[in-house]
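The values are calculated or read from the model by the stated rules, or taken from the named source; none is laboratory data. Quick caveat, the model's predicted, so the values are computed rather than measured. FYI the Cβ positions are ideal-geometry reconstructions off the backbone, even for glycines, and counts take in every protein chain you see.
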Amino acid sequence: MRDESRNLFFQDFLFYSWTGAPASRRGHENLSRSKQIMELVSGSHRIGQNLYHLEWCPKYRYNMFRGTGNKKLCEDILHEVAQRHNIGMIELSVMPDHIHTVVQLPPTMSVSQALHLLKGASSYELFRRQPLFRYRYSNGSFWSPGKFYRSVGDADAETVLEYVRNQRLQQSSLDDYPNPGLPGQ
């Protein structure tokens with residue numbers, strides 16, 4: 001019975017990891033969207049997920065994107081910059097005085113590097129395409145130095161903690177089996 005409960009937990013964990021919903025709620029209404037967002041990225045000797053919620057704002061928190069023209073310009077520029085640097089832009093919301101985005105980062109890119117690229121390149125492009133912004137920011141810095149980031153995943157913290165706690169139990173059951181590859185054990 002002990003092995004069966006462990007296997008059920010592991011199956012629920014895997015299902016949860018792939019769909020973003022606990023196994024008790026196996027609804028298929030948003031399955032394609034959650035699969036797109038929560039897809040594991042694999043490469044040479046690695047597999048994982050690097051999804052982050054990022055937020056930053058213009059210097060002095062001015063309402064620079066109140067007009068639809070400036071808002072659309074910022075959205076277009078951020079999408080271009082993200083595509084250029086292989087950053088997957090999952091969701092983007094340009095508010096009048098700040099930016100919210102959910103991004104999928106390449107495995108070799110840190111959060112600070114991603115923010116540096118997004119903020120730096122978008123600042124350059126905004127000044128280039130909208131020269132009137134130079135009157136507001138004459139020193140050349142469009143974005144404030146502050147930022148917010150949080151990792152986002154399909155497995156909540158409690159599920160991961162439970163999975164890690166149960167590793168000891170799973171390992172002890174594996175130790176019961178003999179290892180045929182090594183002599184004398």
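Note on segment 57-104: residues that are on the phi > 0 side of the Ramachandran plot and charged (D, E, K, R) amount to 1. Would you say TYR16 is surrounded by 12 or more Cβ atoms within 10 Å (Cβ to Cβ) and modelled with pLDDT of 80 or more? For TYR16, the condition - surrounded by 12 or more Cβ atoms within 10 Å (Cβ to Cβ) and modelled with pLDDT of 80 or more - is not met.
For segment 54-75, does any single residue satisfy the condition of being under 21 Å from VAL152 (Cα atoms), in a strand (DSSP E or B) and either hydrophobic (A, V, I, L, M, F, W, C) or at pLDDT below 90 (or both)? For segment 54-75, residues under 21 Å from VAL152 (Cα atoms), in a strand (DSSP E or B) and either hydrophobic (A, V, I, L, M, F, W, C) or at pLDDT below 90 (or both): present.
Tallying residues that are free of Cβ contacts under 8 Å to residues at least 24 places away in the same chain and hydroxyl-bearing (Ser, Thr, Tyr) within segment 119-163 yields 4.
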